[in-house]
Every structure is written in structure tokens, then in C-alpha cells.
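A.B. asks: There's a structure below that I have some questions on.
Derivation of every value follows stated rules applied to the coordinates shown; laboratory data play no part. Just so it is clear, the structure is predicted and the values come from calculations on it, not from any experiment. Cβ: placed from backbone, ideal geometry, glycine included. Neighbour counts: every protein chain shown.
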Amino acid sequence: MRAADRRHAILARVAEEQTIRVGELARELGCSEMTIRRDIRRLERDGFLRQTYGGATAHITRSFDISFNARALLAAREKRLIGMRAAALIEGARVLFVGIGSTAEQFARYLPARPDLLIVTPSLPIASLLGTRPLRVVTLGGAVLRDELTCVGPIASATLAHYRFDAAVIGAAGISARWGITELTEEEAAVQRAALERTEQVIVIADGSKVGAATPIVVGPARQVTTLVTDPSASSRELGRLRGLGVEVLIAERAAPARLEPVEGMAAHG
């Protein structure tokens, strides 16, 4: 197995289980423990993992731990897999908007380490996480909502006006064919709305419980969505309706290591 494929297999295991053990992975991937440790060191250097005694965990060093929010604990495994799947979609992007919430935070954990990638986000936890890695990060500023630690208001909107995005990757409190993307508060929806007006493509990342759901505040119509990344629990009927509106639907599941494709920032080394 190539080094890049091994590292993707390691990230897939972290996405699935949050922690990994060197010995178990070495046996599963048919290589030495020394090779796995070398891969873990490389992934830690690039900001994907935090090395521990005997293995590694998801990267949380010098970042906010947003698991204080009860919503972050719901469908945690699915959100990690969704985040990893979505991170593979933005390989060619140079300027990226990353939205708010626990699924967006998981997406941020698996972004490739690219010095040429500019991330603009209203989320203070995501800015803190990405600020520890070799990426350029801009946070919007402005008033901060307590529950999500999200920048909102006129200052946040004014900052957004300085950028255009190759892609906007956003979570959603609800996504449906009838009501489109919906959010819980007008303040958060306004920031998301402004970002979607300035992007080439819209990638919505939402676990299956959000598919078919609708919350009070509309962000934008379903036709505005380029790609939806969700999990196998999503309603097949609702996914069919979304596909009928031109939305590409991707289901995030654990992939076999041999099928994983390398992404920029994790090229094979030694």
C-alpha cells in the first residue's frame, strides 16, 4: 500500500473511532508498527492528528473543544465521516468559506494542509482549530453568539464582502427539497446567506437527521446546493427529491483503504 493510501486509512479510522492504536493498524494494513508511527508523525506535523502513547487521536491541540454543545454529541461518528468525505471535494479550491456547527468543525479537522488555501469562517472554534495548521485563516469578527461562538452582525457581513469563494461548505439545521437550507436563528442564517451569494459552489454537510427537516429560518433554496454530503440514515425519498432538483448527493461511509484516493497535502513520502 502506498504511503498516501495508508495515511488515508489512518484518517478514516480516526473519523470512525476518534482514536487509533498502532498495533491494530499495523496488523490491519499489513505493515510494521514503525511504518504506522512514521505515518502518524507526518499526519501530526500536518495538523490532522495528535499523537498519543501507543496511537493517536483527532487533532484538538490548541483549539476550542466544541463538544460542550449538546448538539455536537449527536451522530458524532456520522459527522466525522461526513467531514472527511467532504474534505476530499475541495482539492482545487483556493478560497473557501466554512460555516458553523459541529459537522463543519469535523470537516475542518480533515482539511488538507495547504499553505495556498485561504479559509474564511464565522466560527471561532473552527478558526482556532485551523489557526494551528499551515493554512491562511480569516475570521469574520463582529458580535459573537454564545452557543456556537459564531461571529454575526454588520461587521461580519462587511468582512464577507471582501471575498469571493470557490466553494462554501456549510452545515444546516435542516435541508429539504421544499424549504431548502434552513437554520435556527436569523443571525446565523444571514451570514450563511451572504456567503452563498459569493460562491461558485455550495456544499452542504448534514447528518441524516437533518435531511427532510425544516427549521424556522430559510437560508436558501435547495436548487442553490451543488452537493449534499450525508450519511446512510438519510431519507431515500427526500434524497430522491433533492436529486430531482439537481443536487448531487454523496453518502459518507467507511471506505476500504484500497479505494481511498490521495488528496493534495498528503503526497507519498518514503
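A.B. asks: Considering only the other residues whose Cβ falls under 14 Å of the Cβ of Gly244, what net charge follows from Lys and Arg at +1 and Asp and Glu at -1?
C.D. replies: Result for the neighbourhood of Gly244: +3.
A.B. asks: Under 8 Å for C-alpha pairs, at least 6 residues apart: give me the relative contact order for region 83-125, rounded to a whole percent.
C.D. replies: Computed over region 83-125, the figure is 52 percent.
A.B. asks: What is the calculated FRET efficiency for Arg41 to Ala88, with r their C-beta to C-beta distance and R₀ = 25 Å, to the nearest 0.05?
C.D. replies: 0.65
A.B. asks: Another question about this same structure. List, in order, the whole-Hz ³J(HN,Hα) value for each residue of region 224-233 obtained from phi through the Karplus relation with A = 6.51, B = -1.76, C = 1.60 and θ = phi - 60°; use x for Gly and Pro.
C.D. replies: 6, 7, 7, 9, 10, 10, 9, 10, x, 7
A.B. asks: Once Rh is set to the Kirkwood radius over Cα pairs, what Stokes-Einstein translational diffusion coefficient, in µm²/s, holds for region 105-197 at a temperature of 10 °C and a viscosity of 1.306 mPa s?
C.D. replies: In µm²/s, the coefficient rounds to 114.
A.B. asks: Rounded if a/c is under 1.5, else prolate if a/b beats b/c, else oblate: with a ≥ b ≥ c from the C-alpha gyration tensor eigenvalues square-rooted, which is region 179-230?
C.D. replies: Details: a/c = 1.86, a/b = 1.06, b/c = 1.75.
Taking the square roots of the gyration eigenvalues as a ≥ b ≥ c, region 179-230 is oblate.
A.B. asks: So, one more: Report ³J(HN,Hα) in whole Hz for each residue of region 115-131, in order, from the Karplus equation J = 6.51 cos²θ - 1.76 cosθ + 1.60 where θ = phi - 60°; Gly and Pro get x.
C.D. replies: x, 8, 9, 9, 10, 10, 8, x, 8, 5, x, 5, 4, 5, 4, 6, x
A.B. asks: Quick query: amide H of Asp147 versus all other amide H atoms, modeled in the peptide plane; which residues come in under 5 Å with a sequence gap of 5 or more or a different chain?
C.D. replies: Amide H to amide H, under 5 Å and 5 or more residues apart or across chains, Asp147 pairs with nothing.
A.B. asks: If you take every residue apart from Ala3 with its C-beta less than 9 Å away from the C-beta of Ala3, what net charge results, scoring Lys and Arg +1 and Asp and Glu -1?
C.D. replies: Surrounding charge for Ala3 is +3.
A.B. asks: If each of Ala26 and Glu200 carries a label point 7 Å out from its Cα toward its Cβ, how far apart are those two points in nm?
C.D. replies: Once both label points are built, they end up 4.4 nm from each other.
A.B. asks: Could you work out the percent of alpha carbon pairs in region 86-131 separated by over 11 Å, rounded to a whole number?
C.D. replies: When every Cα pair of region 86-131 is considered, 64 percent fall beyond 11 Å.
A.B. asks: Here's a follow-up. Pairs of Cα atoms under 8 Å, at least six residues apart: use those to get the relative contact order of region 178-238, whole percent.
C.D. replies: Reported as a whole number, the value is 47 percent.
A.B. asks: For Val144, what charge total do you get from the other residues with a beta carbon under 12 Å from its beta carbon, if Lys and Arg give +1 and Asp and Glu give -1?
C.D. replies: Value of the local net charge: -3.
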